[in-house]
Amino acid sequence: MQTRVEKKPKTWKRMLIMIGLVLLLIGIIAGIKVMLVMKMIAGMKPPPPAVVSTAKTAYQEWQPSFGAVGTLRAVRGADLAFDLAGLVTEVNLKSGDEVKQGQVLVQLRDTEDVAQLRQLEAAAALAEVTFGRAKQQLAAQAISKADYDTASADLKAKQAAVQQQQVNVARKQLRAPFAGRAGIVTVNPGAYINAGTTLVTVQQLDPVFVDFHLPQRNLSELRVGQAVALTLDAFAGKPFEGQISAISPKIDGDTRNVQIEASVPNPDRMLTPGMFANVRVDVGEKQRQLTLPQTAVVYNPYGETVYIVKKKGDVDKEQAEAAAKKADPKTPAPAKDAGKDKAPNAVPADALVVQQTFVTTAGTRGDQVAIAKGLDEGVEVVTSGQIKLKNGAPITIDNSVLPANSPNPTPQEK
């Protein structure tokens with residue numbers, strides 16, 4: 001009697017069937033999720049237009065100039081000190097006094113030196129009398145020529161000793177080497193002063209010099225006598241005028257800059273040596289420049305751009321014309337509105353949008369920047385809020401607060 005043997009499917013076939021069923025289930029779930037996400041996206045409201053401020057390009061007259069930061073320096077200034085030690089007996093000035101050239105400012109004790117000077121002057125006077133007698137006796141042939149020469153040499157030696165002692169006495173007096181204003185005086189009578197200790201500074205404040213540096217490429221446009229203008233943070237809104245007094249004949253080998261010295265009148269003594277000043281040197285004739293606020297330009301590694309404000313309909317029209325120019329004339333144009341469905345969240349044709357464009361700048365002046373290429377006069381450009389924008393983004397204009405656009409800004413402290 002034969003028995004039937006039931007054939008069972010192999011294990012690997014059952015595994016393939018199970019894997020196929022799992023993949024089918026995953027695909028169904030993923031499809032449902034994608035449909036839900038797309039439905040949610042379609043139902044979402046578009047983000048509100050970005051709020052920006054704008055300005056229109058306009059031509060202005062610009063005066064070409066070079067700018068630099070300079071340091072004020074006195075025409076003549078010195079820190080005064082004795083070249084020997086001694087005891088102070090007199091201080092003949094107060095802090096901030098105007099002193100005259102040659103005025104004795106500080107006196108050291110010189111009693112011994114003056115007494116020795118008087119002694120040497122007496123000896124010199126006696127030697128002069130002796131020499132006069134010797135001269136008369138030589139004329140009468142009462143003495144020899146050798147005795148006359150001895151008397152003459154003794155007189156010269158005594159006079160030289162007097163001159164040397166006069167120098168020693170003068171060294172005990174600190175005199176002003178030139179007229180100017182004295183600084184802070186801290187020494188008092190009775191103080192012992194070591195050699196080389198600075199006692200007071202004297203600065204001549206009218207006029208003052210300002211030293212600044214400019215790149216060597218600007219050297220051909222600089223000349224002695226050229227006008228310069230100074231502004232200082234200490235005197236906001238008050239300009240100071242001067243002129244170039246000297247140009248260094250040597251270029252700095254490390255920076256390739258040339259040092260320039262300008263003289264600035266200072267009759268009111270407002271400018272003080274050591275102060276920093278912003279220096280502007282006007283060069284050439286005025287130029288007509290297309291300007292914008294500096295905040296309108298977005299600086300990127302690949303170039304400088306601005307966002308132009310346009311209507312959505314105009315942008316679409318320009319893009320269609322550009323595409324038509326690039327299209328192959330042999331290729332038939334698609335039918336108008338064929339297969340097109342208007343998006344539910346489409347931007348209206350009269351809505352304002354931005355279009356990014358590259359520009360070429362030509363320098364700055366205060367808060368303004370000159371546009372050499374890329375824009376025409378009267379074009380409306382975004383001046384703030386660019387970080388929220390991209391090409392074609394809708395915007396809302398709010399010019400209640402505008403960025404600075406001054407050609408000559410001044411520091412504002414609040």
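The values are calculated or read from the model by the stated rules, or taken from the named source; none is laboratory data. Note that the structure is a prediction, hence the values are computed from the model and not measured. Glycine also receives a Cβ, built like all others from the backbone with ideal geometry; neighbour counts cover every protein chain displayed.
General observations
- Flag set for F66, criterion: surrounded by 17 or more Cβ atoms within 10 Å (Cβ to Cβ), touching a helix residue (DSSP H, G or I) at 6+ places or on another chain (Cβ under 6 Å) and of a type outside the set (A, V, I, L, M).
- Between V167, V202, the distinction of being modelled with pLDDT of 85 or more, surrounded by 14 or more Cβ atoms within 10 Å (Cβ to Cβ) and not basic (K, R) belongs to V202 only.
- Residue match in the range 138-146 (condition: modelled with pLDDT under 85 and either surrounded by 13 or more Cβ atoms within 10 Å (Cβ to Cβ) or within 30 Å of R288 (Cβ to Cβ) (or both)): yes
- Considering the range 248-274, and only residues there that are surrounded by fewer than 16 Cβ atoms within 10 Å (Cβ to Cβ) and either under 17 Å from G284 (Cα atoms) or among the β-branched types (V, I, T) (or both), the residue that is nearest to the chain's Cα centre (by Cα) turns out to be T255.
- S263, sole failed condition from (1) modelled with pLDDT of 90 or more; (2) closer than 30 Å to V91 by Cβ: (2)
One line per residue, one yes/no per condition, for (1) exposed (fewer than 12 other Cβ atoms within 10 Å of the Cβ); (2) in a loop (DSSP other than H, G, I, E, B); (3) outside the structural domain of L155 (by TED's automatic domain parsing):
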{"position": "A78", "(1), (2), (3)": "no, no, yes"}
{"position": "L84", "(1), (2), (3)": "no, yes, yes"}
{"position": "L87", "(1), (2), (3)": "no, no, yes"}
{"position": "L93", "(1), (2), (3)": "no, yes, yes"}
{"position": "L105", "(1), (2), (3)": "no, no, yes"}
{"position": "L117", "(1), (2), (3)": "no, no, no"}
{"position": "A125", "(1), (2), (3)": "no, no, no"}
